[in-house]
Amino acid sequence: MIDTAIASLTSGGAYALLGVGLVLTYRMTGVLNFAHAVVGAFGTYTAIVAFEAGVGYGAAMILGVAVAALLSGGIGVVMARWFAEEATIVRSTVTIAIFLGVLVVGFRLFGDTPRVVPALLPGVRLEVGTVTLTGSTLLSVGGVAVLAGAVAWFLAKTRTGIVLRAVSERPTTARLLGVPLRTLVVAVWAVSGAVAGAAVTIIAPTRTNDYASLAILILPALAAALLGGFQRVGATIVAGFGIALVELMGARIPAVARYRTVVPFLVILAALLWMQRKEVWDEAR
Amino acid sequence: MLVTVMAIVVAACTGGSVEDDAQTTTTVATTQATVTTTAAPATTAADLEPIKLGSVNSLTGQIVFPEASAAAKAVFDRVNREGGIDGRPIEYLIEDDAADPAGAAQAARRLVEDEGVVAMVGSASLLECAVNGAYYAEQGVYSIQGTGVDPLCFASSNISPVNTGPYLGYTVSLYFASEVLAKENVCALIFDIPDFRPAMDAAIQQWRDLTGKELAFSNFTLQFTDDVTPFVLQARDAGCEVVVSNGLDVHYIGFMQALQAQGIDDMAWVGLTSGYTAEVAETLGSMGAGSGILHVNSEFEPFTLDSPVLEDWRNLMTEAGVPLTSFAEGGYLAATIMVDVLEGIDGPITRESVSEALLALEGYEHPMIGSPYSFGDAPAHNPNRASKFLRLSGGTWELATDDWVVLPTG
């Protein structure tokens, strides 16, 4: 039982990392980025292809993260250049189009057959009593801890962080005050792309993957970010781990086991209903 | 709201691109079929009418089976080079169904009605039997299936596959785990493919009936893209000494990776023929996982070993550029049986005379299979009841059983 909970940490960490990436781009650039996971999946698959072509394992993985960062930075350029003044709903819709574009291009490049990804730290195993922590688990949880710490520090303690928050709320005012808007926005996109690439690369070796199923990791990530209200990094992280735990625990209960993959949908639905509960009442009046 | 839109978009998109693929491929397949048509009769007996044989295969899509028909083609090409059947060349028509029911139905109708094939041979498809079994019965066409996959391949009066298939294959694997490995706690981990579930249940029931034993633990809910770790842990917690699982080749790698990551080395694993590939052995070898733990079932004489039985097969496949796999063995075997059937017919070779010969075919022995092949007039056929088992040792497969493990009848 405890082992299963521990095993869920790898997926949970990846969901949390992806969720935090969503929260970051939303808070700092005012975009709900639907293309987040597919960019990560694109990076991971680039890494797999490079690895299969003979590039060293570590170098291939770093290449994958770099490709995700570049791709995401490219999306950032598009956003900053043409959609900086648009409403959040418009910018978010643009990312749906980008999501589809990257998905289709990836399909053509990588095909739809499942691939095997070697474990990131195959030899690493930490035994705590009867419980085994694998290399992937340690990386995933460690990655979340580092990212959460960095984000908290960056947003609260650095000038750039505060400026970015200003940019997301009043882009024009910020620019009039002399903030180098584009550079900052592109940087945020690139960093969030790198985090997505790393998250997908961590989760990839733990399951049998095809490109599409990795791109669909956007769903648990969205569910986690939604539970964090697209604002709170801490709540998003807890939600990410929680969703993974519920998914895996579901496998132990025969009656619900077949349906456990719909967990993110249920979470999203419940969260939306809960958040809308007052507004429905208001409108009805 | 956005999220719901997103979900719909995702669903729509995935569906769309798959369909796209299917369409592109139909064109490819047609071209292929045409190429075969023109290439085959280029032999000695040009003025004699060719004997037309057909096959329906999943050649494009997510799960493909290209080797069986390619291997069968190699056999027929050789027959043609050597003068054909009583001077008549064989024209072997390969159709692609793109794992699409409509594609499979159209392919069969094209072959049976437009081309007038005398029989089907060497087909390997994800769903061909389910779609065309009843049609073949209606048309009086018989099929020596190269690789039977869907449950109806083993439940049709007009189809008799040369392979054991994933259901009886599962029974043999359970039998191997409990009787040959002689493990006490036998467990089952099974990927959830809704259409296949009744056949899997029947396969397990057959093992219960044969051995009088019960599974110590089972889980039928694995999804193809799951992290398998929690299932492996469940099996360990249930005290499983051996786990018998189905899955694609990549899943056996996933299972062994999970066992390695969790430091479990005292639980044996038995997989189906889908796990018996050179790549699985190499990949696991390079990871240092699964050695001595993973066993797989070979429905034919194991192709990775240097068996003299396979010399002709190996030479022919290498010459024709067909990958050396179990599927290629199935296609070769199906074609070889068909050639023997055709050669044994006195008088004109027509759909009627071939059907008659197949209905009379019983106890066909071949060293590549451990139990005789048969067709006959039974309402269902699953003649291959024997497997050899291999064990992973480092990065290579070694024999776990010298002799065939033959499932007792009854």
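The values are calculated or read from the model by the stated rules, or taken from the named source; none is laboratory data. Note that the structure is a prediction, hence the values are computed from the model and not measured. No Cβ is skipped: glycine too gets one built from the backbone with ideal geometry, and neighbour counts run over all protein chains shown.
A few notes on this one:
- Within the option set B:R197, B:R208, being basic (K, R) and within 13 Å of another protein chain (Cβ to nearest Cβ) holds for one residue only, B:R197.
- Some residue of segment A:10-30 being over 18 Å from A:A225 (Cβ atoms) and touching a residue at least 24 places away in the same chain (Cβ under 8 Å): yes
- Residue identified as within 14 Å of another protein chain (Cβ to nearest Cβ) and surrounded by fewer than 18 Cβ atoms within 10 Å (Cβ to Cβ) among B:S307, B:S286, B:S274: B:S286
- Taking segment A:187-257 as the region of interest, the helices (runs of 4 or more DSSP H) fully inside it that hold 2 or more residues being more than 11 Å from chain B (Cβ to nearest Cβ) are A:218-227, A:233-250.
- Of all residues making up segment B:99-141, the number that are in contact with a Pro (Cβ under 8 Å, 6 or more places away or on another chain) and surrounded by fewer than 19 Cβ atoms within 10 Å (Cβ to Cβ): 0
- Checking every residue in segment A:267-275 against the condition of being facing chain B (nearest Cβ under 9 Å), free of Cβ contacts under 8 Å to residues at least 40 places away in the same chain, surrounded by fewer than 24 Cβ atoms within 10 Å (Cβ to Cβ) and assigned to a helix (DSSP H, G or I) gives at least one match.
- Residue count for segment A:101-116 under the criterion of being modelled with pLDDT of 80 or more and either in contact with a Lys or Arg (Cβ under 8 Å, 6 or more places away or on another chain) or over 30 Å from A:R27 (Cα atoms) (or both): the result is 4.
- The residue that is farthest from the other protein chains (Cβ to nearest Cβ), among those in segment A:77-99 that are touching a residue at least 60 places away in the same chain (Cβ under 8 Å) and loosely packed, with under 12 Cβ neighbours inside 10 Å, is A:R81.
- Segment A:109-150, residues that are β-branched (V, I, T) and closer than 30 Å to B:A98 by Cβ: A:T113, A:V116, A:V117
Residue by residue, here is whether (1) away from chain B (no Cβ under 14 Å); (2) touching a Ser or Thr at 6+ places or on another chain (Cβ under 6 Å); (3) modelled with pLDDT under 75 holds:
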site: A:L126; (1), (2), (3): no, no, no
site: A:V141; (1), (2), (3): yes, no, no
site: A:A152; (1), (2), (3): yes, no, no
site: A:A156; (1), (2), (3): yes, no, no
site: A:I162; (1), (2), (3): yes, no, no
site: A:V167; (1), (2), (3): yes, no, yes
site: A:T172; (1), (2), (3): yes, no, yes
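- Exclusive hit being more than 21 Å from B:T396 (Cα to Cα) and either in contact with a Cys (Cβ under 9 Å, 6 or more places away or on another chain) or among the charged types (D, E, K, R) (or both), set B:D346, B:D266: B:D346
- Conditions (1) touching a residue at least 40 places away in the same chain (Cβ under 8 Å); (2) within 18 Å of A:L9 (Cβ to Cβ); (3) surrounded by 15 or more Cβ atoms within 10 Å (Cβ to Cβ); (4) more than 14 Å from the chain's Cα centre (by Cα); number of the one not met by A:G234: (3)
- Among (1) of a type in the set (G, A, S); (2) surrounded by 24 or more Cβ atoms within 10 Å (Cβ to Cβ); (3) part of a loop (DSSP other than H, G, I, E, B), the one test that B:A68 misses: (3)
- Taking segment A:102-114 as the range and being farther than 15 Å from A:G76 by Cα and part of a helix (DSSP H, G or I) as the test, the residues that pass are A:L103, A:V104, A:V105, A:G106, A:F107, A:R108, A:L109, A:F110.
- Looking across A:T132, A:T172, A:T160, A:T183, one residue alone is part of a strand (DSSP E or B) and more than 20 Å from A:I218 (Cα to Cα). It is A:T132.
- Index of the failed condition, B:V56 passing every other in (1) crowded, with 20+ Cβ neighbours inside 10 Å; (2) more than 30 Å from A:P264 (Cβ to Cβ); (3) more than 14 Å from chain A (Cβ to nearest Cβ); (4) modelled with pLDDT under 95: (4)
- Any chance B:D403 is more than 30 Å from B:S178 (Cβ to Cβ), surrounded by fewer than 13 Cβ atoms within 10 Å (Cβ to Cβ), acidic (D, E) and modelled with pLDDT under 95: no
- When segment B:243-271 is filtered for residues that are more than 8 Å from chain A (Cβ to nearest Cβ) and more than 23 Å from A:T134 (Cα to Cα), the ones remaining, listed by number, are B:V244, B:S245, B:N246, B:G247, B:D249, B:V270, B:G271.
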